[in-house]
Amino acid sequence: MKRLWACAVILVLLITVCTYGTVKTQKVSEQMTKTLESARQAALEGDLETAQKLSQKAADDWHGYHEVLCTFMPHAPLEAVDQTLSGLPMLCYFEGTDQFGADCDRGITQIMYLNESQLPSIENIF
Amino acid sequence: MRFDRLKSPCRGHVFSFLDRFINTDFPPFRVLCGSSISDKMNKPPQEEHTISGDKNMTISFIRTLLLYIVIIVAVRLMGKRQISELQTSELVVTLLISDIAAIPMQDTGQPLVSGFIPIAVLVMCEILVSGLMLKSTKFRKLICGRPIIVINDGKVDQKEMRRLRMSTEDLSEQLRQKNVFSLEDVAYAIVETNGKMSIIKKTDKEQPTAGMLGVALPDTGLETVVISDGVISDFSLQLCNKSREWLEGVLRGKNISTDQIFIMTANRKGDFNIIKKDEKQ
């Protein structure tokens with residue numbers, strides 16, 4: 001009987017951890033995508049100062065999120081996002097807007113991939 | 001395109017500008033790298049590699065300890081059956097756990113949770129399956145199968161042996177392991193669900209018991225180790241219905257202290273055996 005209780009506790013813990021992981025990843029990806037989209041849009045409109053601020057914000061936010069995400073996600077895709085985001089403020093600073101736009105897109109795709117890889121979809125399960 | 005009015009330096013061009021800032025503490029470098037790039041650039045590459053290697057080894061060390069604890073807890077939760085005779089489902093779980101635990105142990109790029117979650121799921125499934133097997137015979141049959149009689153009333157059932165893909169060599173080997181050296185001696189041989197073979201010999205080949213011979217053997221009860229390497233076990237004393245006072249009395253009678261004893265066994269009848277520790281060289 002004690003073992004069955006332990007089993008129930010494990011089940012609750014598993015559901016909590018898995019739901020937290022999925023929800024957190026979705027929240028982070030939505031927020032990061034929004035920031036990067038805004039930064040890219042600002043660069044397209046020539047507002048490089050805002051673009052730089054936003055890309056800096058994205059890098060700072062990601063730094064915080066990384067510490068949480070790396071506890072339940074493989075580190076390699078997270079590091080790929082790190083590398084992409086770390087270059088954005090400098091690209092904006094030196095007015096490399098074409099590269100900046102491309103890197104923003106790359107960052108968005110990488111973050112979307114993180115989100116998609118966490119979803120318990122048919123594609124991911126099989 | 002509004003990009004037209006902007007300069008379009010390629011990435012290489014952008015990074016050529018970095019040379020001017022490489023020895024400065026430009027804020028983005030500080031924020032993103034934790035230290036300035038100039039600090040990092042001044043470090044010899046060999047040193048950087050060694051620090052990372054050391055960290056990886058420490059991470060592996062800590063992870064292995066944590067996974068070891070988790071596996072011990074998992075096996076304890078699954079119960080004693082897991083460490084003795086494995087049923088099909090238990091064998092699968094044991095193999096999977098050992099395999100899963102190895103991944104985050106070796107690959108520090110994988111989160112530790114990626115090892116914990118599958119282990120927890122397997123433990124949960126194993127407890128549920130064993131619980132269900134206790135409740136339902138049908139479910140037990142479905143998971144574990146049923147015992148198969150390969151020698152029935154002295155006759156070898158070739159059909160069942162074929163079903164089990166058991167060769168005559170396998171049968172002879174299993175019989176020999178049970179101290180049976182002739183097929184003639186066997187009345188029944190049953191392959192249990194855990195793969196082990198149970199044997200019932202023909203009545204004329206069975207060894208007579210004390211009861212059959214009408215011999216009354218003294219019941220000495222359970223013999224337990226009451227002192228091991230100078231340490232008294234209260235649990236063992238309880239098992240053989242003896243008290244500490246009885247033990248102290250025995251030791252006083254023998255003029256020996258607990259520290260001098262390597263092993264002492266006792267039974268319910270009060271018989272005991274003492275083996276002293278070897279003299280230190």
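Throughout, read-outs are computed from the coordinates displayed, never taken from laboratory work. All values reported here derive from a predicted model rather than from experimental measurement. For neighbour counting, all protein chains shown are included, and Cβ atoms are generated from backbone atoms with ideal geometry for every residue, glycine included.
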Eigenvalues of the Cα gyration tensor times 5, then square-rooted: what semi-axes does that give for chain A, in whole angstrom, largest first? 36, 13, 11
Can you pull the mean other chain C-beta count within 10 Å for peptide B:127-139? 1
Around B:I151, which amide H atoms from residues at least 5 apart in sequence, or from another chain, sit under 5 Å from its own amide H, with H modelled in the peptide plane? B:D157, B:A189
Set A:K2/B:K135; B:K159/B:K202; B:K155/B:K202 screened for pairs whose C-alpha atoms are more than 18 Å apart: B:K159/B:K202
Kindly write out, for the range B:114-122 in residue order, the coupling ³J(HN,Hα) from the Karplus curve 6.51 cos²θ - 1.76 cosθ + 1.60 (θ = phi - 60°), rounded to whole Hz, with x marking Gly and Pro. 5, x, 5, 4, x, 5, 4, 5, 5
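Per residue of chain A, what 222 nm ellipticity follows from adding -39500 (n - 2.57) for every DSSP H run with n ≥ 4, rounded to the nearest 500?
Details: 5 runs with 110 residues, N = 126.
It lands at -30500 deg cm²/dmol.
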Those aspartates and glutamates that a straight Cα-Cα span of less than 15 Å connects to B:K141, excepting residues fewer than 8 apart in one chain: B:E90, B:E192
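What does the structure give for A:84-91 when I average, per residue, the other chain Cβ atoms found within 10 Å of the residue Cβ? Intermediate values should be presented prior to the final figure.
Numbers: counts 0, 1, 5, 5, 2, 6, 9, 4.
Whole-number average of other-chain Cβ neighbours for A:84-91 is 4.
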Zone residues, the range A:33-74, relative to A:E116, backbone N less than 16 Å from point 7 Å out along Cα-to-Cβ: A:33
Chain A: relative contact order as a whole-number percent, Cα under 8 Å and 6+ apart: 31
For B:I263, enumerate residues with amide H under 5 Å from its amide H, sequence gap 5+ or separate chain, H modeled in the peptide plane. B:D229, B:I275
Integer Hz, Karplus 6.51/-1.76/1.60 couplings in order for the range B:236-248, x for Gly and Pro: 5, 4, 5, 4, 9, 6, 10, 10, 5, 4, 4, 5, 4
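What helices in chain A pass both tests, a Cα length along the helix axis of 24 Å or more and a mean Kyte hydropathy of -0.5 or higher, using whole DSSP H runs?
On the way: long enough: A:2-44 (62 Å, 0.42); A:48-69 (30 Å, -0.83); A:75-93 (28 Å, 0.38); A:97-118 (31 Å, -0.68).
Helix filter hits for chain A: A:2-44, A:75-93.
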Span from the the range A:64-126 Cα centroid across to the the range B:88-116 one, whole angstrom: 27
Can you tell me how much longer the chain between B:K141 and B:T58 gets when fully stretched, taken as 0.36 nm per residue apart minus their C-alpha distance, in nm with one decimal? 25.2 nm
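At R0 = 45 Å, how high is the FRET efficiency between B:I275 and A:L13 if r is their beta carbon distance? Nearest 0.05 is fine. Write down the numbers at each step before the final one.
Numbers: r = 48 Å, r/R0 = 1.08.
Efficiency for this residue pair is about 0.40.
How much length would be gained if the chain were fully extended between B:V73 and B:S257, taking 0.36 nm per residue of separation minus their Cα-Cα distance, in nm to one decimal? Each step should come with its number before you reach the end.
Values: separation 184, 0.36 × 184 = 66.24 nm, distance 3.78 nm.
Here the answer is 62.5 nm.
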What FRET efficiency, computed as 1/(1 + (r/R0)^6) with R0 = 51 Å and r the Cβ-Cβ distance, is obtained for B:T193 and A:K34, rounded to the nearest 0.05? 0.30
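Can you give the average number of partner chain beta-carbon atoms within 10 Å of each beta-carbon in peptide A:6-18, as a whole number? Before the final figure, lay out each step's value.
On the way: counts 6, 9, 3, 2, 8, 4, 0, 4, 5, 0, 0, 4, 3.
Counting other chains' Cβ atoms within 10 Å and averaging over A:6-18 gives 4.
Would you please classify the overall shape of the range B:81-237 from the alpha carbon gyration tensor, given that a ≥ b ≥ c denote the square roots of the eigenvalues, rounded means a/c under 1.5, and beyond that prolate means a/b larger than b/c while oblate covers the rest? Could the numbers behind the result be given before it?
Values: a/c = 2.43, a/b = 1.31, b/c = 1.85.
Verdict is oblate for the range B:81-237.
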For the range B:102-110, Karplus-derived ³J(HN,Hα) couplings (6.51, -1.76, 1.60; θ = phi - 60°; whole Hz; x for glycine and proline) come out as 5, 5, x, 5, 8, 9, 6, x, 9
